[in-house]
Each structure stands twice: as structure tokens, then as C-alpha cells.
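A.B. asks: Supplied in C-alpha cells, the structure appears directly below.
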Amino acid sequence: MDLEAFSSQLTALRDRALTALEDAVDPDALEEVASAYLGRKGELTALLSGIGALPAADRPRVGALANPIRQQLDAAVATRRERLNSIALEVRLAQERIDVTMPGRALTRGSLHPIPETYREIVRVLGRFGFVTFDSPEVETDELNFQLLNIPADHPARDLWDTIYVEPPASDAATATSLEAPTVEAPRWLLRTHTSPGQIRAMREMRPPIRLLTPGRCYRHEAVDASHGFEFFQVEGLMVDEGTTMAHLRGLLDEFAHALFGAERPTRFRPGYYPFTEPSVAFDIQCVVCDGSGCSACGRSGWMTILGAGMVHPVVMRNGGLDPERYQGFAFGMGIDRIAMLRHGIPDLRAFLADDLRFLERS
Ligand code: DAH
């Protein structure tokens, strides 16, 4: 090979290399091209190793030709590398760009579950008459749930409630013995079957005048269907003062029913039986489905019972530590589930605890 041929090979190699560099579309491709031409095993290196075949006098001139070309190619690699890096940066910035003018994601608005919603409504209405809330535990003693409410052991009235008895945590045994026990037996624990034990707890804790509402979950060993749950919600009402009469109870319950079911809704008292009240009543409203003409929702009677009530039994008053000669009181207890079903036309109380969002979003 002579010098001229060598020189034209060099220029051809340079031109090919420059085109290949321009064609490299990403940093990896670029490094590949660079090493194919300029690397230790690259084409330029290979070409220059043929220098030995030239006459000795030509060799320095080859160097003089080759060096600027190598420099030119090195510079071209550097320029292309920089360009590709800046393209990569632009791409990344474009991907990470936040369009602050884009409309936000719509937030769905939550709503209260119908049970607390109804409970709040009950508290709102009765709160206007001075009733305040009072918490009472869900795990109760047999004594508070039954005995002190005038339902002795083995009394047939116990059959009204199928009870879920539980083993107490060891540390709670101490609390139980601190209550005045009418029996010497160790206390039996249960999941409260109603909120009525709150009456005893409240009377022992505060002096009249008492006006309170005790809300919460209650439990019974029930076969579950559309109108029976083994877990359900009640609100207990209690008023104790001097000179409290059944007329106060009637007036209050009328106001309550009218606030929840409309000012024109007829109401009535029916005789009832509860061991802890005397006399006892069932409080009915005219059927909200048929307005009194009789339908399947009201058993063709035209009326629906929404709560039980009565005048606090003297025995219960005494068990609460109050003198029944001096104080009188009334109490009432209602199922929140039932009131919520009537207010919202919900046919099956199992829906309350099913956690189905389609149900919850509609209420
Ligand atoms: N505790 C009763 C029940 O669960 C409801 C009840 C009736 C509560 C009459 C009362 C009352 O306070 O006076 O069925």
C-alpha cells in the first residue's frame, strides 16, 4: 500500500465513522460506534497497524495524516454524546412535567352510615328537651343487664332475650365485685341484650334531674333474618325527677315521632309489659307505608311499634340508689336499626352491617 491509498482509506473511514456517529440514536449505540472505529480493536487502530508495510520515510507522514483524523473523530464522539445526553434530559423532563392546569381528580363525597345518621337525628331532636348522651359498656354483668332491672335469675322474662354469655378478661373480675351484688355468686358476664342497664349505671352516678340517652350496640342469640340481627343498635332514654308523669312521657314521644316522621303522623300508646317499668307501654306510629289503611309492612293493623317505654319501676329506682317515694321517672328504648329502616325505606336490616358501598352511597 502506498501513502496515497492509505490516505484515501483514512478519509473514507473518517466519513463512514462520522455518518455512523450521526446515526447513533442513543448513548448505547453511540458508544458502540465509537469503539468500533476508535477502540483498541477498532477500524482505525487496525488501519494504522498496517503502517509497517509502508516505506520508512512515509511513516511520519502517515502519523501527520492520521492524528488530526483521530482528533476530529474524538471530538465528533464527544459532541454527539453531549447532544444525545441533552436529548435524553429533554425527554425525561417532558415525561416528568406536571400540567398544573389539568383539572383535578374528582373527590367523591362520603356520607354517614344510616345508623349513626339516625342516631344523630334522635339525639338532635331529644337534645332540644335537655337529653344528653351517657355511655354504658357493651360487655355487662348479668346483674346489671337483668337482676337490677327487676329480672331475677330464672324469671320467665329472661326468655324475652336469648343471651350471649362470655368469659370475662381476668382483670375485669375486680370491677364486677365492686358493684353491690345482691348474690354472693361470682358475676356472670354477657354481651348486653339491651341498653337498659345504662339506667342503673346513670342513676348510681348522678343525682336527679336526669335526662339522658344511652346509645349503642346490643347482642342477642337470634336466628338472623330481614328483621332480626344478633347484633343491632338501641337508644335508651331515661328521665328522673320529682313529679315526672306518664303525660311527660307521652308528650315527649309525640314530639319525637312528629320530628322524625312528620308533624301530622298519628301516634298511640298500647299497654305493654317490661319488668323494669310499671306501667309499660308500646309506642306506635301510624304505618309510614300505608298511612293507616293496612298493608303487609304493618301486619294489616295500620300501626307500627317504634319503641317500648314506661314509668321506671320502684324496684329499679331503688336499685339505682334513688328513693321512689321522692322521684319518678320514665324510660324508653328503641331500635335504631328499625327507625333507620322506616326513615329510609330499607327493607332488610342485614344491609346495615354488610359493608356494601352501593347501599351506603345511596343513603
Ligand atoms: N329494653 C327493652 C328491649 O330491649 C326496650 C325498653 C322497653 C327499654 C321499655 C325501656 C323501656 O327503657 O322502658 O326490648
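A.B. asks: For Ala297 and Arg326, what is the calculated FRET efficiency with R₀ set at 51 Å and r taken between the beta-carbons, to the nearest 0.05?
C.D. replies: Computed FRET efficiency for Ala297 and Arg326: 0.70.
A.B. asks: Another question, then. Using a 1.4 angstrom probe and counting only protein chains, how large is the accessible area of Ile151 in Å², to 10?
C.D. replies: Roll a 1.4 Å probe over it and Ile151 shows about 0 Å².
A.B. asks: Work out, in µm²/s and without decimals, the Stokes-Einstein translational diffusion coefficient of segment 1-121 at 25 °C, 0.890 mPa s, Rh from Kirkwood over C-alpha pairs.
C.D. replies: 130 µm²/s
A.B. asks: In nm, give the distance between the simple-model label positions of Leu360 and Asp15, each being 7 Å from the Cα along the Cα-to-Cβ direction.
C.D. replies: Once both label points are built, they end up 7.5 nm from each other.
A.B. asks: Also: Answer rounded, prolate or oblate for segment 68-154, using the Cα gyration tensor with square roots of eigenvalues a ≥ b ≥ c: rounded when a/c is under 1.5, else prolate when a/b is larger than b/c, else oblate.
C.D. replies: prolate
A.B. asks: Then there's this: Only sites in a loop by DSSP and with at most 12 other Cβ atoms within 10 Å count here; which trypsin sites (Lys or Arg not before Pro) in segment 1-101 make the cut?
C.D. replies: Arg40, Lys41, Arg97
A.B. asks: Could you provide, to the nearest whole Å², the per residue accessible area of the chain with probe 1.4 Å?
C.D. replies: 56 Å²
A.B. asks: Rounded to whole Å, give me the distance from the Cα center of segment 210-251 to that of segment 263-319.
C.D. replies: 12 Å
A.B. asks: Give, rounded to the nearest 20 debye, the magnitude of the charge dipole that segment 3-96 has about its Cα centre when Lys and Arg contribute +1 at Cβ and Asp and Glu contribute -1 at Cβ.
C.D. replies: 440 debye
A.B. asks: What percent do you get for the relative contact order of segment 114-362 when only Cα pairs under 8 Å and 6+ apart count?
C.D. replies: RCO, segment 114-362: 21 percent.
A.B. asks: What does the charge add up to near Gly127, with Lys and Arg as +1, Asp and Glu as -1, over the other residues with Cβ less than 14 Å from its Cβ?
C.D. replies: Overall, the nearby charge balance is +2.
A.B. asks: Taking 0.36 nm per intervening residue step and subtracting the Cα-Cα distance, what contour gain separates Arg124 from Ala186 on full extension?
C.D. replies: Additional length available on full extension: 18.3 nm.
A.B. asks: Going by amide H atoms built from the backbone, whose H comes under 5 Å of the H on Cys295, apart from near neighbours?
C.D. replies: Those lying under 5 Å, H to H, from Cys295 are Arg300, Ser301, Gly302.
A.B. asks: Please report the carbon-and-sulfur percent of the accessible area for segment 63-105; probe 1.4 Å, protein heavy atoms only, DNA, RNA and ligands left out.
C.D. replies: 56 percent
A.B. asks: Where does the chain land at 222 nm, in deg cm²/dmol rounded to the nearest 500, when only DSSP H runs of n ≥ 4 count, each adding -39500 (n - 2.57), divided by all residues?
C.D. replies: My calculation for the chain gives -12500 deg cm²/dmol from helical runs alone.
A.B. asks: Moving on. Stretched out fully, how many nm does the piece from Ala88 to Ala29 gain, at 0.36 nm a residue minus the Cα gap?
C.D. replies: 19.9 nm
A.B. asks: Give me Rg over Rh for segment 261-363, both radii from the alpha carbons and Rh done the Kirkwood way, two decimal places.
C.D. replies: 1.10
A.B. asks: Another question, if that's okay. Compute the signed sum of charges (Lys and Arg +1, Asp and Glu -1) over the other residues within less than 15 Å, Cβ to Cβ, of Ala282.
C.D. replies: Neighbour charge sum, excluding Ala282 itself: +1.
A.B. asks: Please work out how much length the chain gains when fully extended from Asp74 to Val132, using 0.36 nm per residue of separation minus the C-alpha to C-alpha distance, in nm with one decimal.
C.D. replies: Here the segment from Asp74 to Val132 would lengthen by 12.2 nm.
A.B. asks: Rg to Rh for the chain: what is it, with Cα atoms only and Rh by Kirkwood?
C.D. replies: My calculation puts Rg/Rh at 1.60.
A.B. asks: If I take R0 = 45 Å and measure r between the Cβ atoms of Asp154 and Arg268 in this structure, what FRET efficiency does the formula 1/(1 + (r/R0)^6) give, to the nearest 0.05?
C.D. replies: With R0 = 45 Å, the Cβ-Cβ based efficiency is 0.85.
A.B. asks: Return the distance in nm (one decimal) between the two label points of a simple spin-label model at Thr45 and Ala223, each offset 7 Å from Cα along Cα→Cβ.
C.D. replies: Modelled inter-label distance: 9.1 nm.
A.B. asks: So in the chain, which Cys have no other cysteine's beta-carbon sitting under 4.7 angstrom from theirs?
C.D. replies: Flagged as lacking a Cys partner: Cys218.
The values are calculated or read from the model by the stated rules, or taken from the named source; none is laboratory data. All values derive from a computational prediction rather than experimental measurement. Glycine also receives a Cβ, built like all others from the backbone with ideal geometry; neighbour counts cover every protein chain displayed. When the accessible area is computed, the model is the full protein with side chains, heavy atoms only, and any ligands, DNA or RNA have been set aside. Shrake-Rupley method; radii C 1.70, N 1.55, O 1.52, S 1.80 Å.
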